[in-house]
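Asks: My structure is below; once you've seen it, I'll send some questions.
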Ligand code: ASP
């Protein structure tokens, strides 16, 4: 790949940019440059002695490395910062390095100026070795020099730039919303900032720009977007950091269809900008079907192993374990060779995930089922299982019986454990999940818990169901939708409630009284009294999109300065205690732990 193809140097160089101390970048030199006088700047990558005085010094910059032949390089060490002037020439016959893009040339007659000396780096600046994560983060500036992060951060920049172009192409206006705000209703814990001028009062850092973007719609901006920093004080995971970036958008006088189009376009543009391939038309599945078939509201559709409905097979069963509201199964083709140990450990996992058990069956060459529970199953039930699952000799069948949601959930996790491909295999499967329920559960207080946020519009066909109570409310669908990619939730959005009377009704259902509503969201409800257009929006995580496009399991690999799993920054030491004087000024006292 050329430096240009790799996106490191634009065709024709960086136009309009003063060359500064250099005339060319290391990684862009090719056989065509034979004879060119060049000045290069970068870091000493490696030095190999060549005879008594001569040395090959690989010089590295953001575009790659090139070999420089240096006379008297004795005091050049790895990671020294140098400026090298010399002449590009073909490498002698038989010494070209086909692996290196600059491998046909070298720079000869070199003069080297040391711009900065360097201590030996805490770990080698190449990708060949795994380095301890904390060490990498502690010296992130060295880690950033490595190919992987150079590549990932540039990929991420291309994602951002494609997203901006796409949104602007659809007439979206970039608006920056504040960081010091009152709490937002995304349902996570807030990070708070004490106010010096109002001791005892706190700002919250935004969990999202949700309320502000809705205010932008009332304010007539019509189409808003922002590459927004959001902060949520939740446990960190491979796909979650305290702070993350999202492409946040909102539009007026549109519904779900238009939002899905805007977002699909933006994500497809970003994917194409990075991979060169435009993803296929994004599929769509309802929340209910996603659970029924994949056992997840973020299905990984890169592989099969779909869940199969078996409830009717056991309608009149005498086997207690299958006398459940829902029985489902998975067929694992050729899985009969799975060992007893593996099956036991899968069963243990299923129990940890909430199932009472996991029933396994092996299909013998003559079609009969071998299973610890086979003797409890009638002949018609065994026939029903085989037929429903389209079982073949040599297959393994796995069954769970429980409440619908739990059955789906557990088998969904079993499915992932058995079949999920590595993150960088199987292409990019985007999938919209629509018709989410309005409420995700009924809380201990008997009140429904919103599945998205409390501004989400109920589904047009489900208004009557809203009059119900308790569990019946769980059947109410909403106009909320998620975008998923390879089993990761990229983002969520919804059509919003724009009428104060409807909003009041939903607040009442959620148990948010007039007083609480006006204390928390009074300004939004007030705004709605002055003419709110119908509006809808979405937000998706750029860290997650960039990670998946880069083929990385962990979003830390596409973030320049991430936190560790425990939320600390080994580089700066954050979080750190603050001065007693600062505490006093803020009117705060820290309680002993
Ligand atoms: N504010 C939501 C979130 O950050 C997204 C949206 O509804 O637009 O998840």
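Bear in mind these aren't lab numbers, they're just calculated from the coordinates by the rules spelled out. Just so you know, these numbers come straight off a predicted model, no measurement behind them. Reconstructed Cβ throughout: ideal geometry from the backbone, glycine too, with neighbour counts over all protein chains shown.
Asks: Once the Cα atoms of helix 404-419 and of the chain are each reduced to a long axis, what angle between those two axes, in degrees from 0 to 90 to the nearest 10, is obtained?
Replies: 30
Asks: On a 0 to 90 degree scale, rounded to 10, what angle separates helix 379-388 from the longest Cα axis of the chain?
Replies: Around 40 degrees separate the two axes.
Asks: So what's the gap between the Cα centers of region 451-471 and region 227-304, to the nearest angstrom?
Replies: So the separation of the two Cα centres works out to 23 Å.
Asks: Right, next: What is the extension gain from residue 154 to residue 530, computed as 0.36 nm multiplied by their sequence separation minus the C-alpha to C-alpha distance, in nm to one decimal? Could you put the intermediate results ahead of the total?
Replies: Numbers: separation 376, 0.36 × 376 = 135.36 nm, distance 4.43 nm.
Fully extending the segment from residue 154 to residue 530 adds 130.9 nm.
Asks: Just to be sure I follow: if Rg is taken over the C-alpha atoms of region 157-212 and Rh is the Kirkwood radius over the same atoms, what is Rg/Rh? Working shown, then result.
Replies: Working: Rg = 15.5 Å, Rh = 13.5 Å.
Computed over Cα atoms, the ratio is 1.14.
Asks: With just the Cα atoms defining each centre, how far is region 497-534 from region 20-74? Give it in Å.
Replies: 65
Asks: Let me have the 222 nm mean residue ellipticity of the chain computed from DSSP H runs of 4+ only, each contributing -39500 (n - 2.57), with the sum over all residues rounded to the nearest 500.
Replies: Computed ellipticity for the chain at 222 nm equals -8000 deg cm²/dmol.
Asks: So for region 65-210, what percent of the C-alpha to C-alpha distances run longer than 21 Å? Could the numbers behind the result be given before it?
Replies: Details: 7505 of 10585 pairs.
Across region 65-210, Cα pairs with separations above 21 Å total 71 percent.
Asks: Extent of region 96-170 along each principal axis, from alpha carbon coordinates, in Å, largest to smallest?
Replies: Computed over the Cα atoms, the extents are 53, 36, 28 Å.
Asks: Please compute the modelled spin-label separation between residue 191 and residue 31, points set 7 Å along Cα→Cβ, answer in nm with one decimal.
Replies: Each label point lies 7 Å from its Cα, and together they span 5.2 nm.
Asks: How big is region 414-507 by the Kirkwood estimate over distinct Cα pairs, in Å? Could you put the intermediate results ahead of the total?
Replies: Details: mean 1/r = 0.0668 Å⁻¹.
Computed over Cα pairs of region 414-507, the Kirkwood hydrodynamic radius comes out at 15.0 Å.
Asks: What does DSSP give for the chain in terms of the percent of beta bridges that are antiparallel, rounded to the nearest 5? Before the final figure, lay out each step's value.
Replies: Numbers: 89 of 96 bridges.
That works out to approximately 95 percent antiparallel.
Asks: Length gain on complete extension for the stretch residue 561 to residue 320, per 0.36 nm per residue less the alpha carbon to alpha carbon distance? Mind dumping the intermediate values first?
Replies: Numbers: separation 241, 0.36 × 241 = 86.76 nm, distance 5.42 nm.
Fully extending the segment from residue 561 to residue 320 adds 81.3 nm.
Asks: Which value, to two decimals, describes the C-alpha radius of gyration of the chain once divided by 2.2 N^0.38 Å? Can you show the working numbers first?
Replies: On the way: Rg = 29.6 Å, N = 593, 2.2 N^0.38 = 24.9 Å.
My calculation over the Cα atoms of the chain gives 1.19.
Asks: Before anything else, pin down the relative contact order of the chain: Cα pairs under 8 Å, at least 6 apart, normalised by residue count, whole percent. Write down the numbers at each step before the final one.
Replies: Numbers: 1146 pairs, mean separation 77.8, N = 593.
Across the chain, relative contact order equals 13 percent.
Asks: May I have the extent of the alpha carbons of region 425-565 along their three principal axes, as whole Å values ordered from largest to smallest?
Replies: Cα spread of region 425-565 along its principal axes, largest to smallest: 47, 32, 32 Å.
Asks: Also, quick follow-up: What is the fewest-to-most order of 322, 253 by other Cβ atoms lying within 10 Å of their Cβ?
Replies: Values: 322 21, 253 12.
Lowest to highest Cβ neighbour count: 253, 322.
Asks: Counting only the backbone N, which residues of region 508-526 are under 16 Å from the spot 7 Å out from the Cα of residue 501 toward its beta-carbon?
Replies: Residues passing the 16 Å test: 508.
Asks: Then there is this: If each of residue 114 and residue 351 carries a label point 7 Å out from its Cα toward its Cβ, how far apart are those two points in nm?
Replies: 6.5
Asks: Let's test the formula: R0 of 45 Å, r as the Cβ-Cβ distance of residue 99 and residue 229. What FRET efficiency results, to the nearest 0.05? Walk me through the numbers on the way to the answer.
Replies: Working: r = 39 Å, r/R0 = 0.88.
Taking R0 as 45 Å, the efficiency between residue 99 and residue 229 is 0.70.
Asks: Another question about this same structure. For region 128-262, what does the equivalent ellipsoid look like in terms of its semi-axes, each the square root of 5 times an eigenvalue of the Cα gyration tensor, given largest first in whole Å? Walk me through the numbers on the way to the answer.
Replies: Numbers: eigenvalues 187, 119, 31 Å².
Working through the eigenvalues yields semi-axes of 31, 24, 12 Å.
Asks: Okay, next question. I want to check the label-to-label distance for residue 376 and residue 515. Put each point 7 Å from Cα in the C-beta direction and report it in nm to one decimal.
Replies: 5.3
Asks: With just the Cα atoms of region 127-179, tell me how far they stretch along each of the three principal axes, in Å, largest first.
Replies: So the three principal-axis extents are 46, 27, 13 Å.
Asks: Take every Cα-Cα distance within region 252-390, group them into 5 Å bins from 0 onward, and report for each bin the whole-number percent of pairs it holds.
Replies: 2, 8, 13, 17, 17, 12, 7, 7, 8, 6, 3, 1, 0
Asks: Over the Cα atoms of region 213-314, compute the convex hull volume and normalise it per residue, giving Å³.
Replies: Values: hull volume 19.8 nm³, N = 102.
Dividing the Cα hull volume of region 213-314 by its residue count gives 194 Å³.
Asks: Right, here's the next one. How big is the gap, in Å, between the Cα center of region 111-155 and the Cα center of region 197-220?
Replies: Each part reduced to its Cα centre gives a spacing of 39 Å.
Asks: Work out how much length residue 176 to residue 62 would gain on full extension: take 0.36 nm times their residue separation and subtract the Cα-Cα distance, in nm to one decimal. All intermediate terms of the calculation are to be shown ahead of the outcome.
Replies: On the way: separation 114, 0.36 × 114 = 41.04 nm, distance 3.09 nm.
So the extension gain works out to 38.0 nm.
Asks: Where does helix 514-528 land angle-wise versus the long Cα axis of the chain, in degrees 0 to 90, nearest 10?
Replies: 60
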